[in-house]
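What follows is a set of notes on a single structure, which appears directly below.
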Amino acid sequence: MANTNKWGVVAEFDSAAAIYTAAEKTTAQGYTHVDAYTPFPVHGLDRALRQGPSHLGWIVVCCGITGICLAQLMMYWMNAVDYPIWVSGKEPYAWPSTIPITFELMVLLSGLGAVFGMFGLNKLPRLHHPIFQHATFWRATDDRFFLAVEAKDPKFDSAQTTRFLESIGGKNVAIVED
Amino acid sequence: MTAIPVVDEPENPLVRAPLVEGKNDFTSVTNIIAGVAERKTPRGWYLMFGISVALLLNLGAMIGYLVFNGVGVWGNNVPVAWAWPIVNFVFWIGIGHAGTLISAVLFLFRQKWRTSINRASEAMTIFAVMAAGIFPAIHVGRIWVIYWVFPLPNQMAMWPNFKSPLLWDVFAVSTYFTISALFWFVGLVPDLATFRDRAAKAGRTIAARAYGVFAFGWTGSNRHWINYEKAYMILAGLSTPLVLSVHSIVSFDFAVSLVPGWHTTIFPPYFVAGAIFSGFGMVLTLMIPARQWLGLHELITLNHLDNIAKILLLTGTMVGYAYGMEFFIAWYSGVEYEQFAFINRAIGPYAWAYWIMIGCNVISPQFFWIRSLRRSPMVLFVISIFVNIGMWFERFVITISTLNRDFLPSSWGYYSPTLIDILTYAGSFGLFFTMFLLFCRFLPILAISEVKGVMPEANPHHGHGHDDHHAHAQHAHAHAHH
């Protein structure tokens, strides 16, 4: 069945417990391109949806190490190579006095990496998304919990998937166009 | 203003007090918090905003006057060359630290009560750091060459001296501001999405677009939440040592010098404890009226205020211990200059400032040993004002009463601020309150998604009955499938 202009099927649930059970049932049914949309992170939902852990930590570690190296290179080159400064009874490059700035730059670059890395991994900002067309989806940031099976799922069939989501208690189940 | 009755029930120590009181669900939490920004602007807000903006304009005028005339318009003069600007800088940056403590340290310790106050406290941090940053920037004298503090090529073909604690401060404070602002923004994104969706639903197109741009297209996708929670935890983990480093480095500005009364190893922890103390004082000063005027009693409960009062008691006592220990070490060291510096603080020309400091910082929080006083918003508010005053005087005592009597009695002097000093300081409150009032008016003042996340119904096993065993068994069953 051609799903070229369909993005997926979206169902609404009214509690954290309901979305958790629905997510478990949907993945147990063999759907793989499933995601939940919730007003707050629901504990354990990543396992029910069989979604892996975040890789953000690796990005942050790389940024942090870059910050350390950058700080050391900067202070060494500026105060000991390019314009050696003999001051306060210390050598031009005195490592103990470099620690505070090295720490601060490590934190600065790690923090920037954590924030921009998170938005990058989430492919945000993206001001428009097909799922916003769903009639009641505005409540996903208020008090409702949504489950979407995307059309790219090999098991996706608009009629069958709709029926399945209704059978597990989904309300306002609707097909969303891409 | 409608008075909302609050039941102050006796605590059962075996049961955790609820973090959200009253009959609230997710819908009502959204309505309460979004309602603050959606309802018609109260007249009182215009009044306070008008006063704040007037003070802010006064700050601009004072800075302009200073730049045209030079730092001679202030009372700074030898021997007290470091005067109100550094006092005000340390005062404001210290206030900022409570916001980071609440958002990061309490997060790492899983103190869920933080959710009711973390957003406003983080906002307070950012605005306080802005107010703080002004003072070192304008007190350099020639503000047009302020970029010399950064490692940028300049007309002298020189680089900054990285061995100076003042330069460490540049890096510490600018990193602190950047990370605090990012942390705050990351926390805001899901709540801005809530505001966006409500505005769009209500047909307020301009508001929906404005909130929408800053919400970055947040959908609440669980894949996004996974990365989001990771980022939040990493930022909390980074901010915790950061906040300790910032005030330690601020204290190095003093401690690395050779001035008796400043050259002590106790300074970093003593400054950090004082910063947390002053910041929690300001949190109470801001949140008690906000809670009252904006009807947030069920979200910022008496239990929350009680917890803040306990932290004030703890940190106030730590600060008192540091005051005592400074005296002890001065005596124990046998260095007569150290001894003179401290005796001069307590009975010298600035003794009045010293005893204001002791009264406000050490004595006033001791009232919080009494439970009923910890749970009285009026008492808390009054003591929080004392804490703010006391902590400003602490920095005044450290800076001015140390410098006014130099090694050479011939250069002793008595420092007094000028009118420009006083108006500039008042102006920094204008900046702080202007920003804070704009925040209260247009942004989610409480972290909506986080408050929902600590409610009992947020647990996916809520409503499975009270049979925990059953819920766990089901969970284990789900795992076995993987």
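The values are calculated or read from the model by the stated rules, or taken from the named source; none is laboratory data. As the structure is a computational prediction, the values presented were derived from the model and not from experiment. Virtual Cβ from ideal backbone geometry, glycine too; neighbours counted across all protein chains shown. Ligands, DNA and RNA are stripped out before the accessible areas are found, and what is left, the full protein with its side chains, is counted by its heavy atoms. Shrake-Rupley method; radii C 1.70, N 1.55, O 1.52, S 1.80 Å.
The rows are residues; the columns are (1) assigned to a helix (DSSP H, G or I); (2) within 14 Å of chain A (Cβ to nearest Cβ).
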residue	(1), (2)
B:ALA131	yes, no
B:LEU152	no, yes
B:THR175	yes, yes
B:PHE183	yes, yes
B:LEU188	yes, yes
B:ASP191	yes, yes
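Go through region A:84-126 and report how many residues are in a loop (DSSP other than H, G, I, E, B), facing another protein chain (nearest Cβ under 7 Å) and surrounded by 14 or more Cβ atoms within 10 Å (Cβ to Cβ).
5
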Members of region B:154-170 found to be part of a loop (DSSP other than H, G, I, E, B) and aliphatic (A, V, I, L, M), listed by number: B:MET156, B:ALA157, B:MET158
Expected output for region B:248-260 (first residue in a loop (DSSP other than H, G, I, E, B), partner of a type in the set (Val, Ile, Thr) and surrounded by fewer than 20 Cβ atoms within 10 Å (Cβ to Cβ), Cβ below 8 Å, 6+ apart or cross-chain) is B:PRO260/B:VAL335
Being open to solvent by less than 10 Å² (accessible area, probe 1.4 Å) and closer than 25 Å to B:ALA193 by Cβ is the filter; apply it to region B:233-262 and report the residue that is nearest to the other protein chains (Cβ to nearest Cβ). B:LEU235
I need every pair where a residue in region B:42-55 that is under 19 Å from B:LEU294 (Cβ atoms) has its Cβ under 6 Å from the Cβ of a residue that is assigned to a helix (DSSP H, G or I) and among the polar types (S, T, N, Q), sequence separation at least 6 or different chains. B:SER52/B:THR434
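Please tell me if B:GLY141 is open to solvent by less than 30 Å² (accessible area, probe 1.4 Å), more than 8 Å from chain A (Cβ to nearest Cβ) and either touching a His at 6+ places or on another chain (Cβ under 7 Å) or over 20 Å from A:MET78 (Cα atoms) (or both).
Details: open to solvent by less than 30 Å² (accessible area, probe 1.4 Å): yes; more than 8 Å from chain A (Cβ to nearest Cβ): yes; either touching a His at 6+ places or on another chain (Cβ under 7 Å) or over 20 Å from A:MET78 (Cα atoms) (or both): yes.
Here the answer is yes, as B:GLY141 does meet what is asked.
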Can you find even one residue in region B:379-388 that is surrounded by fewer than 18 Cβ atoms within 10 Å (Cβ to Cβ) and without any contact (Cβ under 8 Å) to a residue 40 or more places away in the chain? yes
Inside region B:389-432, can you point out the residues that are under 25 Å from B:THR315 (Cα atoms), surrounded by fewer than 21 Cβ atoms within 10 Å (Cβ to Cβ) and aromatic (Phe, Trp, Tyr)? B:PHE429
Give just the number: which of (1) within 30 Å of B:ALA61 (Cβ to Cβ); (2) outside any helix (DSSP H, G or I) does B:ASP406 not satisfy? (1)
Restrict the check to region A:148-156 and report whether at least one residue is facing chain B (nearest Cβ under 7 Å) and either hydrophobic (A, V, I, L, M, F, W, C) or in a helix (DSSP H, G or I) (or both). no
Condition check: surrounded by fewer than 22 Cβ atoms within 10 Å (Cβ to Cβ) and either part of a helix (DSSP H, G or I) or touching a Lys or Arg at 6+ places or on another chain (Cβ under 9 Å) (or both). Does B:VAL90 satisfy that? no
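May I ask you to say which residue of B:ILE226, B:ILE300 is within 12 Å of chain A (Cβ to nearest Cβ) and either β-branched (Val, Ile, Thr) or in contact with a Leu (Cβ under 7 Å, 6 or more places away or on another chain) (or both)? Talk me through it step by step, then tell me what you get.
Working: B:ILE300 fails: within 12 Å of chain A (Cβ to nearest Cβ).
Going through B:ILE226, B:ILE300 in turn, just one is within 12 Å of chain A (Cβ to nearest Cβ) and either β-branched (Val, Ile, Thr) or in contact with a Leu (Cβ under 7 Å, 6 or more places away or on another chain) (or both): B:ILE226.
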Determine if region A:63-79 includes at least one residue that is modelled with pLDDT of 90 or more, surrounded by 16 or more Cβ atoms within 10 Å (Cβ to Cβ) and either within 21 Å of the chain's Cα centre (by Cα) or not in a helix (DSSP H, G or I) (or both). yes
Give me the residue from region B:197-221 that is closer than 30 Å to B:LEU101 by Cβ and facing chain A (nearest Cβ under 8 Å) and, out of that set, most open to solvent (accessible area, probe 1.4 Å). B:PHE216
Scan region A:15-52 residue by residue and report those that are more than 7 Å from chain B (Cβ to nearest Cβ) and part of a loop (DSSP other than H, G, I, E, B). A:GLN29, A:GLY30, A:TYR31, A:THR32, A:HIS33, A:ARG50, A:GLY52
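Could you go through region B:276-295 and let me know if any residue there is away from chain A (no Cβ under 13 Å) and in a loop (DSSP other than H, G, I, E, B).
At the first step, the residues of region B:276-295 found to be away from chain A (no Cβ under 13 Å) are B:276-295.
Filter once more, keeping what is in a loop (DSSP other than H, G, I, E, B): B:295.
Yes, the conditions are met somewhere in region B:276-295.
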Single condition A:HIS55 does not satisfy, out of (1) facing another protein chain (nearest Cβ under 7 Å); (2) surrounded by fewer than 15 Cβ atoms within 10 Å (Cβ to Cβ); (3) not aliphatic (A, V, I, L, M): (1)
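With the condition kept exactly as written, say whether any residue in region A:32-50 is modelled with pLDDT under 95 and exposed (fewer than 14 other Cβ atoms within 10 Å of the Cβ).
Of the residues in region A:32-50, the ones modelled with pLDDT under 95 are A:32-50.
From what is left, the residues that are exposed (fewer than 14 other Cβ atoms within 10 Å of the Cβ) are none.
There is no residue in region A:32-50 that is modelled with pLDDT under 95 and exposed (fewer than 14 other Cβ atoms within 10 Å of the Cβ).
Filter region B:101-110 down to the residues that are open to solvent by 10 Å² or more (accessible area, probe 1.4 Å) and in a helix (DSSP H, G or I), then identify the one that is nearest to B:ALA172 (Cα to Cα). If you could, list the steps in order and put the result at the bottom.
Keep residues of region B:101-110 that are open to solvent by 10 Å² or more (accessible area, probe 1.4 Å), which gives B:101, B:105-110.
Those left that are additionally in a helix (DSSP H, G or I): B:101, B:105-108.
Numbers: B:LEU101: 16, B:VAL105: 18, B:LEU106: 22, B:PHE107: 22, B:LEU108: 22 Å.
Taking the candidates together, the pick is B:LEU101.
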Subset of region B:287-297 (residues that are crowded, with 19+ Cβ neighbours inside 10 Å and either closer than 30 Å to B:HIS263 by Cβ or not aliphatic (A, V, I, L, M) (or both)): B:ARG291
Subset of region B:308-340 [over 30 Å from the mean Cα position of the chain (by Cα), in contact (Cβ under 8 Å) with a residue 12 or more places away in the chain and part of a helix (DSSP H, G or I)]: B:ILE329, B:ALA330, B:TYR337, B:GLU338, B:PHE340
